[in-house]
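Read-outs: derived from the displayed coordinates by stated rules, not from any lab. On a predicted model such as this, the values are computed, not experimentally measured, just so you know. Glycine gets a Cβ as well: all are built from the backbone with ideal geometry, and neighbour counts include every protein chain shown.
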């Protein structure tokens, strides 16, 4: 029964995150062992969306620990039960931490059976641009499974999650799975001095997560370095509708951040100055870097524009139906999502709110159509509405990209871009001097 519930929840999570995110990238999927007892530890910046993303993308289904207060939120309760989330009782929530004895026992039993136990050891979902101090629960679970229960081969698996705009619908997400690391080196010390061993393993977990997740001094730094990384990565002549892989962008941005903090950061300073000059040029001519790069594609760009227009015309009728059907519940959920101050909670409200509102909408329209016209028509409406909604989403994205491409193409033809292109080449050259880019 548990395996069936895991399969259902995994499929539901996959559906939700692939609708919410335009693109999901996964790196290091092979690092998830098929059978080893594993304690997964990940950074936590996007509320319940983080857990759904891992459920949807990992090769093994994770059993998460979650704060007990989540079970008091009535709309979440069925999802938490279906997902098999194990409650954690925190003193800060007013609960009795003595109940965590059963929680830890459940986790050790899962590990003894070769299971995958997943935690967000920061203990909170936050909006900070760097990893927060880790709680020791993950280390204690892993070490007690080895030392107290004799479970062999326990590893911890670091995972880094990154988003280009975590609260925005149809943004992008990146899941980076690091190499599994054995817990065994800390077991002997744990038997002698458990506190010291737990602290040491927790520090190792933090280092492993930090190595594969975004770490910036501020969100302004993250945004600027991300833009520089895209310029370095995007070749001239590329289609304006193409995207730089989020994994490539994050890796370059992280290398740039490290270079700027190094003792010899002259090259990084030169790169940033070149980018500022290039950005000012783009503002003057009214172009984005993607538009400028695409303009160098010449005839290829015209073909891409024509093909995009053809697809827009073909999808317009279905997109119109989807827009009409979903307009009211979408606007209601959108306004509800402005209430939380935490960006991660905004994403959670959008994702689960739309799922609940749209599910009720489809069911209601299907039943109404069945009553008026018959059961076949009711099924057609019930299944046709979500399909039209998906077409609407893709239609709006394509229209937006096409509008940007046409505007960029027209402006680029009118403007003298030789100096702008030269300044772009300066950015790429400064990146190459640091060993970055193609």
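Distances between every pair of Cα atoms in segment 87-172, grouped in 10 Å steps from 0 to the bin holding the largest one, split as 14, 39, 30, 16, 2 percent. Over all pairs of different C-alpha atoms in segment 1-89, the reciprocal of the mean inverse distance, the Kirkwood hydrodynamic radius, equals 13.9 Å. Taken over segment 178-221, the alpha-carbon convex hull comes to 61 cubic angstrom per residue. Straightening the chain between residue 236 and residue 312 buys 24.8 nm, computed as 0.36 nm per residue apart minus the Cα-Cα spacing. Of 93, 50, 149, which has the largest mean-square fluctuation in a 10 Å C-alpha GNM of the chain? Taking springs between Cα atoms under 10 Å, the residue moving most is 93.
Taking 0.36 nm per residue of separation and subtracting the Cα-Cα distance, full extension of the segment from residue 433 to residue 77 would add 122.8 nm. Extension gain, residue 359-residue 207: 0.36 nm per intervening residue step, less the Cα-Cα distance, totals 50.6 nm. So what does the Cα-only Debye profile of the chain read at q = 0.09, 0.11 Å⁻¹, as log10 I(q)/I(0), no solvent term? The computed values of log10 I(q)/I(0) come out as -0.70, -0.99. The distance between label points at residue 334 and residue 383 comes to 3.0 nm (points 7 Å beyond Cα on the Cα→Cβ vector). Beta-bridge orientation, the chain: approximately 25 percent antiparallel, per DSSP, counting only bridges with both partners inside. Highest GNM mean-square fluctuation among 83, 42, 91, for the chain modelled with Cα contacts below 10 Å: 91. Convex hull volume of the C-alpha atoms in segment 245-385, normalised per residue: 201 Å³. Separation of segment 366-394 from segment 318-354 is 20 Å, based on Cα centroids.
Measuring r between the beta carbons of residue 70 and residue 280 and using R0 = 60 Å, the FRET efficiency lands at 0.80. With contacts taken as Cα pairs under 8 Å and at least 6 residues apart, segment 2-212 reaches a relative contact order of 29 percent.
Between the alpha-carbon centres of segment 127-183 and segment 86-104 there is a gap of 20 Å. Remark on segment 2-212: hydrodynamic radius 17.4 angstrom, per the Kirkwood mean of 1/r across alpha carbon pairs. The simple Förster model, with R0 at 22 Å and r as the Cβ-Cβ distance, assigns residue 341 and residue 165 a FRET efficiency of 0.85. Pair-distance distribution of segment 88-137: all C-alpha pairs, bin width 5 Å, starting at 0; shares per bin in whole percent are 4, 17, 21, 23, 18, 11, 6, 0.
Helical runs assigned H by DSSP (4 residues or longer) give the chain a calculated mean residue ellipticity at 222 nm of -21000 deg cm²/dmol, each run adding -39500 (n - 2.57) before division by the residue total.
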